[in-house]
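Read through the structure below, which is laid out as structure tokens, and then see the notes.
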Amino acid sequence: RFSIFCERLCSTEDCIPGTGTYLRHGYIFASLTGYVLRKNEGEELPVISVVRETETQLLPDVGAIVTCKVTSINPRFAKVHILYVGSTPLKDRFRGTIRKEDVRATEKDKVETYKSFRPGDIVLAKVISLGDVQSNYLLTTAENELGVVVAHSEAGAQMVPISWCEMQCPRTHAKEFRKVARVQPEYLQA
Amino acid sequence: MPVDTKRIRGPEESQSPLLFLSPGKVPEASSRQGVRGNGDARPVFARCGLISQAKGSAYLEAGNTKIICSVYGPREAERKDETDMKTGRLVCDFRLAPFSCLKRGAWIQGSEERDLSQTLQESLQPGVCLHRYPRSQIEVNVMVLENDGSILAHAVTCASMALADGGIEMYDVVLGCTLRQSGSTCLVDPSYSEEYGSWQEGYGEDQGCVTVALLPNLNQVSGLTADGEMREDILSDAVRSCMDGCHKLYPVLQQALMRAVKKKAPPPAK
């Protein structure tokens, strides 16, 4: 069913508001122009949401897993460009920072960013905070599933992970240090 | 002072040919060429989704006034001196194309355009759910292709259509309407000659122009601009007529938005 702005969809007793809606005076209104979807979650009340097009523009939110590319490194932190939020690509790149103490969960003070990331690496990270005025999004890789997923060696070939802290180049067989992510088997494609 | 240095100027003694034109007859404020009454707005043509590179876009025509608007965002905010990062920012840019008025305008934004940009931003801000877009900014660029009166009101309408087309969450569309009072007659949605024509008679009493930006479903006024000298009761009547004009405009916009969304995406399969 179709809806347009500010059309009153239903009251809060019937449904729970989902995306694309807002609450006012105990009624749910649409805030987007699109199609109204009513999903039965099964628990108490159905969730009503307004959907537009294919995918909605997501903004990186606290606790979301994001895919980013390292742009520059520094003894204290690494600067990244956030490319994907979850599995949806972003149209504009947002900037993020991974601080030295957020790279690993253990031995935080002995971390060297040069041995964890290099510019050009693709990293899976989680958003810890939106940051304040001066800083960008703060990210962390302090988990087993987070860290470098794709990296190129100094020779230019894509490296294969050996352990959680090393990757090897298939051409030169040289080992390089990275903070590698342990990707779940179902996400790996041959 | 910003000056256009890229063009080659004529010799020092040259004068604009417009000075030698005989001044055209100013149409009387009471006659409106019989096509529409004093309280009727011009018929509006609106379409969305014409600029493919922009997130959302809209084109509006009312009489001869043609306005095009494009929306980009949400983008990462530039963070100049922002104290509040929890909400987004709306950046508006209002431009009059150099060929839009009778006299050729400058490329560089003049003070009047900056003023109109500020008014546009203040009128649109209450309508957009900025708290859903923290740390981002949404850019709205309005360009007037032909100026035939009441550009601010139609720009507000065009901009909110473009925001809706771009999928930006809003509480309601913001519609604009202008009323021009000259002497005893009040004209809704004046054309260029009606809006500026009688200023030439001099700034007397009962000469004024009011522009109102309204959120129709919530019945809230988000922007009000008034110029000239008007009496208090006439001013409140003028605001009320503008609000009526906005309500009459709403169904046209609804249809244009529905058509645009249907064209962009088919209904979800379910």
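The values are calculated or read from the model by the stated rules, or taken from the named source; none is laboratory data. Treat the numbers as computed from the prediction; the structure is a model and nothing was measured. Counting neighbours? That spans all protein chains shown, and the Cβs are built from the backbone with ideal geometry, glycine included. Heads up: the accessible areas ignore ligands, DNA and RNA and are worked out on the full protein's heavy atoms, side chains in. Shrake-Rupley method; radii C 1.70, N 1.55, O 1.52, S 1.80 Å.
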Worksheet, complete the sentence: Scanning the stretch B:65-95 for residues that are at pLDDT 90 or above, touching a Gly at 6+ places or on another chain (Cβ under 7 Å) and not hydroxyl-bearing (Ser, Thr, Tyr) gives B:Val71
Item to complete: Kindly provide the set of residues from the stretch B:114-137 that are open to solvent by 10 Å² or more (accessible area, probe 1.4 Å) and at pLDDT below 85, ordered by number.
Response: B:His131, B:Arg132, B:Tyr133, B:Pro134
Item to complete: Among residues belonging to the stretch B:59-72 that are more than 12 Å from the chain's Cα centre (by Cα) and not polar (S, T, N, Q), point out the one that is surrounded by the most Cβ atoms within 10 Å (Cβ to Cβ).
Response: B:Val71
Discussion item. Being open to solvent by less than 10 Å² (accessible area, probe 1.4 Å) and not polar (S, T, N, Q): is that true of B:Leu145 here?
Written reply: no
Item to complete: Filter the stretch B:174-208 down to the residues that are open to solvent by 20 Å² or more (accessible area, probe 1.4 Å) and part of a strand (DSSP E or B), then identify the one that is modelled with the highest pLDDT.
Response: B:Cys186
Discussion item. Kindly evaluate B:Leu163 against the criterion of being farther than 20 Å from B:Phe45 by Cα, open to solvent by less than 10 Å² (accessible area, probe 1.4 Å) and part of a helix (DSSP H, G or I).
Written reply: no
Response to the item:
Subset of the stretch B:28-54, residues open to solvent by less than 60 Å² (accessible area, probe 1.4 Å) and at pLDDT below 55, comes to B:Ala29, B:Ser31
Item to complete: Look through A:Lys91, A:Lys100 and report the one residue that is basic (Lys, Arg), modelled with pLDDT of 85 or more and in contact with a Lys or Arg (Cβ under 9 Å, 6 or more places away or on another chain).
Response: A:Lys100
Worksheet item: Any idea which of (1) in contact with a Cys (Cβ under 7 Å, 6 or more places away or on another chain); (2) at negative phi is the one B:Gly228 doesn't satisfy?
Response: (2)
Discussion item. With the structure loaded, tell me whether A:Gly131 is in contact with a strand residue (DSSP E or B) (Cβ under 7 Å, 6 or more places away or on another chain), at pLDDT below 90 and on the phi > 0 side of the Ramachandran plot or whether it fails that test.
Written reply: yes
Discussion item. Given the condition in a loop (DSSP other than H, G, I, E, B), within 14 Å of another protein chain (Cβ to nearest Cβ), within 29 Å of B:Leu163 (Cα to Cα) and at pLDDT 75 or above, answer yes or no: does some residue in the stretch A:74-81 qualify?
Written reply: no
Discussion item. When you scan the stretch A:134-142, do you find a residue that is within 14 Å of chain B (Cβ to nearest Cβ), at pLDDT below 85, more than 18 Å from the chain's Cα centre (by Cα) and within 30 Å of B:Arg89 (Cβ to Cβ), even just one?
Written reply: yes
Worksheet entry | Members of the stretch B:223-263 that are surrounded by 21 or more Cβ atoms within 10 Å (Cβ to Cβ) and in a strand (DSSP E or B) | B:Gly223
Item to complete: Give the residue, chosen from B:Ser160, B:Ser184, B:Ser150, B:Ser136, that is out of contact with any strand residue (DSSP E or B) (no Cβ under 8 Å at 6 or more places or on another chain) and of a type in the set (Ser, Thr, Tyr).
Response: B:Ser184
Worksheet item: When only residues in the stretch A:178-190 that are of a type outside the set (A, V, I, L, M) and open to solvent by 90 Å² or more (accessible area, probe 1.4 Å) count, which is modelled with the lowest pLDDT?
Response: A:Gln189
Worksheet entry | Boolean, A:Glu112 is of a type in the set (Asp, Glu) and open to solvent by 80 Å² or more (accessible area, probe 1.4 Å) | yes
Item to complete: Taking only the stretch A:90-104 into account, find how many residues are farther than 15 Å from A:Tyr137 by Cβ and either within 14 Å of another protein chain (Cβ to nearest Cβ) or open to solvent by less than 70 Å² (accessible area, probe 1.4 Å) (or both).
Response: 4
Worksheet item: Got a number for residues in the stretch B:125-162 being charged (D, E, K, R) and closer than 17 Å to B:Thr65 by Cα?
Response: 2
